[in-house]
Amino acid sequence: MTENILVGRPWKKLALMACLFLPAPAHATPVLVVDADSQQVLYQEDAGVPWYPASTTKLMTALVVFEALRAGEVNLATPVTMTRNATKQAFLESGLIFGRTMTLEDALFAMIAASANDVAVALAEAVAPDEPTFVRKMNEAAIRLGMTGTHFSNPNGLFDKTNYTTARDLAILGMEVDRLFPEYRRFFLASAVTIDGKEIKSNNLLLTRFNGTIGMKTGFLCASGRNFVGLATRNGKRVAVVILGATTERERNERSAQYLTEAFDGRLPAKAGLVGNLQNRTDVAPQDMRVRLCTDKSAAYEASRDALYPMGLPGNASYLGDQIPGQVHAISTRANESLSDVPVPIRRPSELKPKPGSAG
């Protein structure tokens, strides 16, 4: 029908094609709150709009590693070594260099609590033959889970236009990680790690300021804003929350705690059906938040967001009033003696000449 209407009207065809891939609505920042037991949606805003996941990507990396553990392909003592590829990753705080090695158990703590981009890649290479093979496993898992608006391009969430997801899909992922692998919940509870004595704190403030928090992962890129996939439990009720595109850590933390509080208090009645029935938007592209968050325009945008979400600012009440002792996991690394950082000597030209009688 559409093709018949457009015959002889190329300008209308171009207009329709332009509408198929419009950017997401300006200033929309997706939110999703779900009862993790019933899968009922308690609240949502643009939950199907595509977004750059940043380090919430590591939830899928963790799931693939957990699957490999359950299958017996690796174990918690399996060595994870910092390869050349791993040490090339951006935004590194771990301080790890080529050849340093830790256990797979420690690597999971480093990736989840410290959000170490290099360790995420090293983990992928320890579990699969190479990083691309691991990423393929991530996308296969996304398909199995029904994450219809998601595609992964790396194991750590560093910016790539083909690394995208939705709040709907992240909520499904977070709840499935927790449901399928309860024995590994401890990895999401650490509020900090020390790597060879260097402390790196988790950006998930709810772990130490909101009672009942049991995970899961934060993320930040200039392109994505500050993302959060959280899970908390109180009085036998489990609630998942996803916030995408928050401007500041305060906004992300306070809004997440507010939605969780309202859910536990029964102020978010289930009216939107099951989370799996939410529709992902395939007609829009992910927003790029860089202009708003990482340029000279960021101050004005931040001020506008502070006006919308003043919780926790001076003179305003906070949803993060609890005081919970932090859990710190200590990691010690060692040198992998089988790897050498010494370059291979280059043979001189005279040595490269074929010797008499050789196949040269």
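The values are calculated or read from the model by the stated rules, or taken from the named source; none is laboratory data. Only a predicted model underlies this, so the values are computations on that prediction, with no experimental measurement involved. Cβ coordinates were reconstructed from backbone atoms using ideal geometry, including for glycine residues, and neighbour counts include every protein chain displayed. For the accessible areas, the whole protein counts, side chains as well, though only heavy atoms, and no ligand, DNA or RNA atoms are used. Shrake-Rupley method; radii C 1.70, N 1.55, O 1.52, S 1.80 Å.
General observations
- Any chance Gly276 is modelled with pLDDT of 95 or more and open to solvent by 20 Å² or more (accessible area, probe 1.4 Å): yes
- Checked against (1) open to solvent by 20 Å² or more (accessible area, probe 1.4 Å); (2) touching a residue at least 12 places away in the same chain (Cβ under 8 Å); (3) within 25 Å of Leu96 (Cβ to Cβ); (4) of a type in the set (Gly, Ala, Ser), Gly219 passes all but a single condition, namely (1).
Okay, residues lined up against (1) in a loop (DSSP other than H, G, I, E, B); (2) at pLDDT 95 or above; (3) under 26 Å from the mean Cα position of the chain (by Cα):
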| position | (1), (2), (3) |
| --- | --- |
| Gln287 | yes, no, yes |
| Asp306 | no, yes, yes |
| Met311 | yes, yes, yes |
| Pro314 | yes, yes, no |
| Ala317 | yes, yes, no |
| Asp322 | yes, yes, yes |
| Ala330 | no, yes, yes |
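- From the list Ala120, Ala141, Ala126, Ala114, the lone residue that is within 18 Å of the chain's Cα centre (by Cα) and more than 30 Å from Gly276 (Cα to Cα) is Ala114.
- Here the condition is being farther than 30 Å from Phe187 by Cα, charged (D, E, K, R) and open to solvent by less than 40 Å² (accessible area, probe 1.4 Å); of Arg305, Arg255, Arg290, Arg267, it holds for Arg305 alone.
- Residues that are under 26 Å from Gly326 (Cα atoms), among the hydrophobic types (A, V, I, L, M, F, W, C), modelled with pLDDT of 95 or more and open to solvent by 10 Å² or more (accessible area, probe 1.4 Å) occur at least once in region 165-180.
- Of all residues in region 222-252, those satisfying the criterion of being open to solvent by 20 Å² or more (accessible area, probe 1.4 Å), of a type outside the set (Lys, Arg) and under 18 Å from Arg290 (Cβ atoms) are Cys222, Thr248, Glu249.
- Selection count, region 73-97, where residues are surrounded by fewer than 17 Cβ atoms within 10 Å (Cβ to Cβ) and touching a Lys or Arg at 6+ places or on another chain (Cβ under 7 Å): 1
- Every condition in (1) within 16 Å of the chain's Cα centre (by Cα); (2) within 23 Å of Lys201 (Cα to Cα) is met by Pro50 except one, and the failing one is (2).
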